[in-house]
Structure formats: structure tokens, C-alpha cells
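What follows is a single structure, written as C-alpha cells, with notes after it.
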């Protein structure tokens with residue numbers, strides 16, 4: 001069973017469209033994240049939720065809106081997609097908030113978003 | 001500011017040993033992680049160091065020197081499947097314990 005699963009894995013869409021990426025974890029973790037990995041391979045955190053509450057909201061355009069219906073799910077909705085949004089988006093989870101005391105972060109397989 | 005540096009790419013021979021270095025500048029240091037990421041896949045956890053010294057785990061070992069802001073990942077008996085990117089990430093209490101990631105070192109293993 002996949003611990004952190006996200007769908008879709010590949011998404012090609014036109015500029016201006018609205019799309020969502022779904023994420024679910026079955027590890028019983030309290031904290032979930034969305035990361036963006038660009039072409040230079042830097043992983044940048046976008047959002048972090050702990051028990052359905054937003055705890056980290058980095059400088060991300062308002063077009064990106066996370067939603068956590070319960071602590072096992074964290075979805076990412078993107079409005080008015082732009083070419084620069086093309087990247088790999090990773091969902092992740094950990095037992096505690098952040099990485100204190102060595103909380104390991106487990107990543108989903110990634111969603112490859114291409115905006116054309 | 002917070003900064004992590006690691007070599008962009010390294011090449012090694014199957015069966016050999018390779019050391020991947022990572023230097024960091026951060027305040028509120030709270031541990032350093034190494035992750036492995038194969039092309040087209042998610043990063044997976046390799047090791048965590050919060051105290052100085054060497055942590056050994058099978059063919060992989062990770063070292064930390066907090067005073068020098070330095071870590072390395074040592075891979076022994078290299079196998080072709082070790083070809084991947086190796087990401088160094090630092091946890092900082094000053095960043096709400098969120099990980100600050102390096103760009104990764106792409107390791108190429110040659111027969």
C-alpha cells in the first residue's frame with residue numbers, strides 16, 4: 001500500500017485553466033505538506049498543515065489554495081495556471097510539525113504539471 | 001540568511017567509495033537530513049544527524065560537524081542503482097523547523 005499517494009501523476013493543461021491535485025496519506029501522520037520542485041531541482045515548501053490547520057504558508061501566489069478536509073488529505077487547487085507553474089509538485093507527510101526531533105518526511109510520487 | 005551548498009554532480013565507479021559533501025549556514029540548527037531521489041521519483045529518507053559524529057547504516061554513512069557547518073554522505077561498495085540525486089536538507093528552529101533543501105548532488109555510477 002502506498003503511504004503517500006497523489007493524483008494525477010501527470011497533468012498537461014493550458015494557460016488560464018484551473019486544476020487540482022489530490023493527496024492522501026495512510027500513515028496516521030498529523031502533518032502534511034505541499035512542495036514544489038522546479039527545473040533546478042530545488043525543493044521549496046509551499047504549505048504545511050497540522051491536524052487540518054494551516055501552519056506554514058510560504059510566499060505563494062494566491063492562485064494556489066490548499067484544502068485539508070481531514071488530517072489524512074491535503075489537496076492543492078491552482079487557479080489561472082501560468083507557464084511558470086510548470087514543475088513537479090510533491091505532497092508529503094510527517095508525524096510531527098516541521099522536522100524537530102528528526103521527524104522523517106515521507107513524500108508522494110509527485111505530480112508533473114506542464115502548462116502549455 | 002540560510003544557505004546550503006553541495007556539488008552539482010559527481011561521478012564514481014561501481015564498487016568504489018564516494019563522499020558527497022554538504023556545507024550549510026543556518027541559525028537555530030536542529031538537524032541535517034540526507035535524502036535520495038532517483039530520476040522521476042520522490043525523495044526518500046536516508047539519514048538524520050543532529051549530534052556531531054558518524055552515523056552508519058549499511059553501505060551508507062553520514063557525518064556531521066556542527067561547528068564547521070559541514071556534513072558528508074559516504075557511500076561504499078557502489079552499485080549501479082545508487083545513481084541518483086542526493087539531497088542535503090537542514091532543519092532550523094528559526095524557520096519553524098521547516099527543512100531548507102540543497103539543490104542536490106547528481107551521482108553518476110559508471111561500470
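Listed conditions (1) surrounded by 14 or more Cβ atoms within 10 Å (Cβ to Cβ); (2) in contact with a strand residue (DSSP E or B) (Cβ under 6 Å, 6 or more places away or on another chain); (3) within 11 Å of chain B (Cβ to nearest Cβ); (4) modelled with pLDDT of 90 or more are all met by residue A:85, apart from (3). If you go through the range B:86-99 and keep only what is touching a residue at least 24 places away in the same chain (Cβ under 8 Å) and either surrounded by fewer than 21 Cβ atoms within 10 Å (Cβ to Cβ) or over 14 Å from the mean Cα position of the chain (by Cα) (or both), you end up with B:92, B:93, B:94, B:95, B:97. If you filter the range A:57-78 down to residues that are part of a strand (DSSP E or B) and in contact (Cβ under 8 Å) with a residue 40 or more places away in the chain, you find that the one that is surrounded by the most Cβ atoms within 10 Å (Cβ to Cβ) is A:74.
Residue by residue, here is whether (1) in contact with a helix residue (DSSP H, G or I) (Cβ under 9 Å, 6 or more places away or on another chain); (2) more than 12 Å from chain A (Cβ to nearest Cβ); (3) part of a strand (DSSP E or B); (4) closer than 25 Å to residue A:58 by Cα holds:
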site: B:12; (1), (2), (3), (4): yes, yes, yes, no
site: B:20; (1), (2), (3), (4): no, yes, yes, no
site: B:23; (1), (2), (3), (4): no, yes, yes, yes
site: B:36; (1), (2), (3), (4): yes, no, yes, yes
site: B:45; (1), (2), (3), (4): no, no, yes, yes
site: B:71; (1), (2), (3), (4): no, yes, yes, no
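Among the criteria (1) part of a loop (DSSP other than H, G, I, E, B); (2) touching a residue at least 12 places away in the same chain (Cβ under 8 Å); (3) within 13 Å of another protein chain (Cβ to nearest Cβ); (4) within 30 Å of residue B:8 (Cα to Cα), the one residue A:27 does not fulfil is (4).
Only one residue in A:17, A:103 is more than 13 Å from the chain's Cα centre (by Cα) and surrounded by 14 or more Cβ atoms within 10 Å (Cβ to Cβ). Which one?
Result of the check over A:17, A:103: A:103.
Can you tell me which residue is farthest from the other protein chains (Cβ to nearest Cβ) among those in the range B:78-111 that are more than 17 Å from residue B:5 (Cα to Cα) and part of a loop (DSSP other than H, G, I, E, B)? By that ranking, first place goes to B:111. A single entry from B:54, B:75 fulfils the requirement of being surrounded by fewer than 17 Cβ atoms within 10 Å (Cβ to Cβ) and more than 14 Å from chain A (Cβ to nearest Cβ): B:54.
Which residue out of A:103, A:17, A:51 is away from every other protein chain (no Cβ under 13 Å) and at pLDDT below 95?
Values: A:103 fails: away from every other protein chain (no Cβ under 13 Å); A:17 fails: at pLDDT below 95.
The conditions single out A:51.
Have a look at B:30, B:21 and point out the one that is surrounded by 13 or more Cβ atoms within 10 Å (Cβ to Cβ), closer than 20 Å to residue B:90 by Cβ and under 13 Å from the mean Cα position of the chain (by Cα). Testing whether each residue is surrounded by 13 or more Cβ atoms within 10 Å (Cβ to Cβ), closer than 20 Å to residue B:90 by Cβ and under 13 Å from the mean Cα position of the chain (by Cα) leaves just B:21.
The values are calculated or read from the model by the stated rules, or taken from the named source; none is laboratory data. Quick caveat: nothing in here was measured; it's all calculated off a predicted structure. Note that each Cβ is placed from the backbone with ideal geometry, even for glycine, and that neighbours are counted across all protein chains shown.
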